[in-house]
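**Student:** One structure, pasted below without further comment.
Derivation of every value follows stated rules applied to the coordinates shown; laboratory data play no part. Not measured: the values here are computed from a predicted model. Note: ideal-geometry Cβ built from the backbone for every residue, glycine included; neighbour counts use all protein chains shown.
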Amino acid sequence: MSNVTMEATAILPVLKKKLAFLSGGKDRRSGLILTIPLSSDQTSMEELSATLDYLLSIPSEKCKARGFTVIVDGRKSQWNTVKTVVLMLQNVIPAEVSLVCVVKPDEFWDKKVTHFCFWKEKDRLGFEVILVSANKLTRYIEPSQLTDDFGGSLDYDHSDWLSKRLVFEKFTKESTSLLDELSIINDGDKSNSMDKEKSADCGLLPSFDPETVLQTGHELLSELQQRRFNGSEGGGGGGPGGPAWCPMEEELLAQPQVMKLLDSLREQYTRYQELCRQRNKRTQLDEIHTKVMQVVTWLQGPGSELLKTHQAIGDSMRAAQALQQKHEEIESQHSEWFAVYVELNQQIAALLSAGEEEEVVELKALQQQLSDVCYRQAAQLEGRQNVLQAAQGFHSTTQELSQQLDGLLGMLCADVAPADGASIQQNLKLLEEKLQAVEAGLGSLRQKGALLLEQMCSQPWTPEETESPPGEQQDNVQQIQSVMEEMQLRKQRCEDMVDVRRLKMLQMVQLFKCEEDALQAVEWLGELLDALLKTHVRLGDDSQETRTMLDKHRKFVDVAQSTYDYGRQLLQATVVLCQSLRCTTRSSGDTLPRLNRVWKQFSVSAEERQQRLELALNFHGGAERVLQLECVEVESLDEVDSSGKTLLDRLTTPIIFPDGSEQYFGSPSDTAAAAEGVRERLLLVEERRLQLQEARLHDDEEEEEEEGGGVLNGQDGRLDVIGEELSEKEEPDEGEEEEEEKQDEDLETATQDR
């Protein structure tokens, strides 16, 4: 609280004259600006000194330490008056003044009159004095910190400031007096604490109404927080780069002083109110004690008996639900007494916060007794509720598991007569799912049973039952264990039956799979036969190509042989599985005859294909030898010619299958294309024969001409025949290459399928 030496009411007429004022502005050093507006009338130095004393008692010591800038407005006054005021400042506030700005009039005083130099007197005065025009005052002070009298933008209303100051001093005076009175009342009650009736007497009233004083203080504080106490707006700064305006609580002590008074007043008033509450405490204690004993008596008597007589868990879901409904009725009866407990606990807690030491001990004892009984009874109710919930979960899981076991047993007792492997797989999957559901259900039952046993064992007993739980609880434990053992036996029996059914169904799946794979082998072998007859037609253009085709053919035959063997093995496995399953109605059917028939057709076709390739290899080999040798016997040429014709005849011969049916390799065009290479090679052999005959004609021209003429005519005729056949059956070489590539692809595809 600030030490104010005088009150505004004592010098109110002087303050209304506005001989000096604190506008709220600050200089560039954050010091307050004190303005002394001199008028044309004679100024009373005594009144001015009193005004300055009052104004300088308002700021804090910290604010005073930053120094004041005093603006002496001498534009309407005489020089002597200005000089007197400046010299008076030396006596009033020499230490607080840092700068005095004397605002001179537009028509400056006579130089002789103003010959007195303030700057030379700085050391004596203790502060600096400058003479400045009003329009140049902004060199020393920012415009935002000057009032409109000096061309600034700072608003200041002296009447408003004075009215707020009067309100502040009135509140300070009343609140200080009220605080002293309340302190005396409170301290007097504390000193007479032994006399409870006297300390509780509220006949001693303060002079002022505390509520009214508090309201006045709050209104004043709100006004101070919205506006500066001196009447200026709270915004603004010290100009660009200048210091920001400090809030009022740092300039003047009005706001923090009001806050401090309000806090102290609220504290003392609260203590005073507490004194007035002491009268009813004893009555409240007696009422609370009576109610506490009523609650304790019922909870320890009828309430405990209700819980003792209801400990069963039921033998089914319906029985557990009925027990739950009965327990809710018991809880409803307890809830009424628990509501009384909550109310009593709140009353006791309220009294404990302001009770005397003896009262606190008594209240705590009552509260402890009430809490112990209520918490013990609530714990028993909660334990019983947990047991019933766990029992419902246990019975529900038992019922679901029993239904699952019945469904699984019904599925196992039904006969299995699936139509194909997919249906068997579906039935097997369904069987496994049901078994897994049973296993999960049994695991859940074990968990629910363990939880129920745990809840029963952890259920809080009364002190008499702690060492030996009620006999009904032992029966409940045996019931739970018996149910879990029964479900375990039923599940084990079903598991044994599932193992047998699973083995049978897996064998049936294998049976169907063998049958499907055997049919697939027949299809593969048929595809190989079809590829052999349709695409394996070419015989090669030379011995090297023919030998390569012969090697590929042998590999092709090996693939077919392995496919046939695989089919035979599958059919043999089918027979074994049928015997194991005692399935006399199923057999390999027509799969084995079909497999044998296709294999015989393939064997005949492959043998014919190999013979043709071997003939072609023999033909090309002989032709290449007679064409490469210089001296060739006629017999060799005849052998080549004979083998070529035999090969051509073989190409036109059909394949005769065991059933008497016939089949040709490829189409007629494919056969003609294959024969084309043979005819071309025969033509070369005939040309070679002509060359040999021409060489022999040189020995005997006449005889050789006659013989040679006949021979040539004959040879020409043979060449013409071969040439005509070639021209009729001529095919592009690209077709032969494509056919050979097709044979390679068929061989590779057959190998991959196998």
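**Student:** Name the long-range amide H neighbours of Leu34: under 5 Å, sequence gap of 5 or more, or other chain; modelled H, no Pro or chain starts.
**Tutor:** Thr69, Val70, Ile71
**Student:** Count the net charge of all other residues whose Cβ sits under 12 Å from the Cβ of Asp149, scoring Lys and Arg as +1 and Asp and Glu as -1.
**Tutor:** Local net charge: 0.
**Student:** Also: Around Val632, under 11 Å between beta carbons, what's the net of Lys plus Arg minus Asp minus Glu among the other residues?
**Tutor:** So the environment of Val632 carries a net charge of -2.
**Student:** What's the ranking of 602-612, 210-220 by average number of surrounding C-beta atoms within 10 Å, highest first?
**Tutor:** 602-612, 210-220
**Student:** Moving on to the next point. Rounded, prolate or oblate: which one fits segment 11-155, using the alpha carbon gyration tensor with axes a ≥ b ≥ c (rounded when a/c is under 1.5, else prolate when a/b beats b/c, else oblate)?
**Tutor:** rounded
**Student:** Take the residue pairs Lys513/Lys552; Lys16/Lys173; Lys173/Lys281; Lys62/Lys170; Lys64/Lys173; Lys281/Lys326 and return only those whose Cα atoms are more than 30 Å apart.
**Tutor:** Pairs exceeding the cut-off: Lys513/Lys552; Lys173/Lys281; Lys281/Lys326.
**Student:** Per residue of segment 510-520, in order, report the coupling 6.51 cos²θ - 1.76 cosθ + 1.60 (Karplus, θ = phi - 60°) as ³J(HN,Hα) in whole Hz, putting x for Gly and Pro.
**Tutor:** The phi angles translate into 5, 4, 4, 5, 5, 5, 5, 5, 5, 4, 5 Hz.
**Student:** Go through Phe619, Gln572, Gln601 and say which Cα lies farthest out towards the positive end of the charge dipole of segment 527-620; charges sit on Cβ, +1 for Lys and Arg, -1 for Asp and Glu.
**Tutor:** Gln572
**Student:** Would you mind checking which residues have amide H under 5 Å from Ser133's amide H? H placed 1.01 Å from N; only 5 or more apart, or other chain.
**Tutor:** Lys104
**Student:** Hey, with R₀ at 60 Å, roughly what FRET efficiency would Val167 and Arg139 work out to, going by the Cβ-Cβ distance, to 0.05?
**Tutor:** 0.95
**Student:** Relative contact order for segment 11-155 using alpha-carbon pairs under 8 Å, separation at least 6, rounded to a whole percent?
**Tutor:** That works out to 22 percent.
**Student:** Where a ≥ b ≥ c are the square roots of the eigenvalues of the C-alpha gyration tensor, would you call segment 335-380 rounded, which needs a/c under 1.5, or, failing that, prolate if a/b is larger than b/c, or oblate?
**Tutor:** Note, shape of segment 335-380 comes out oblate.
**Student:** Please get the size of the charge dipole for segment 256-412, origin at its Cα centre, with Cβ charges of +1 on Lys and Arg and -1 on Asp and Glu, quoted in debye to the nearest 20.
**Tutor:** 300 debye
**Student:** Under the 0.36 nm per residue contour assumption, what length would be gained going from the current alpha-carbon distance of Ser642 and Asp53 to full extension?
**Tutor:** 196.6 nm
**Student:** Let me ask something else. Can you list the HN-Hα couplings for segment 600-612, worked out from phi with the Karplus curve (6.51, -1.76, 1.60; θ = phi - 60°), rounded to whole Hz and with x for Gly and Pro?
**Tutor:** Values per residue, Gly and Pro as x: 5, 4, 5, 4, 4, 5, 5, 5, 5, 4, 5, 5, 5 Hz.
**Student:** First check a/c for segment 1-59, with a ≥ b ≥ c the square roots of the eigenvalues of its C-alpha gyration tensor; if it is under 1.5, answer rounded, and if not, answer prolate when a/b is larger than b/c or oblate otherwise.
**Tutor:** Taking the square roots of the gyration eigenvalues as a ≥ b ≥ c, segment 1-59 is oblate.
**Student:** Considering only DSSP beta bridges where both residues belong to segment 11-155, give the percentage that are antiparallel (nearest 5).
**Tutor:** Antiparallel bridges make up about 15 percent of those DSSP assigns within segment 11-155.
**Student:** Within 11 Å, Cβ to Cβ, of Leu408, how many net charges do the neighbouring residues add up to if Lys/Arg are +1 and Asp/Glu are -1?
**Tutor:** Within the 11 Å Cβ shell, the charges total 0.
**Student:** Also: When the Karplus curve 6.51 cos²θ - 1.76 cosθ + 1.60 is applied with θ = phi - 60°, which whole-Hz ³J(HN,Hα) does each residue of segment 182-188 get, with x for Gly and Pro?
**Tutor:** 5, 5, 5, 5, 5, 5, x
**Student:** For Gly74, what residues show an amide H to amide H distance below 5 Å, using hydrogens built from the backbone and excluding near sequence neighbours?
**Tutor:** Val103
**Student:** Just name one of Gln389, Asn427, Leu344: the one whose Cα is farthest towards the positive end of the charge dipole of segment 342-447 (beta-carbon charges, Lys/Arg +1, Asp/Glu -1).
**Tutor:** Asn427
**Student:** Using mean Cβ contacts within 10 Å as the protection proxy, how do 39-46, 64-71, 437-444 order, highest first?
**Tutor:** Highest mean packing first, the order is 64-71, 437-444, 39-46.
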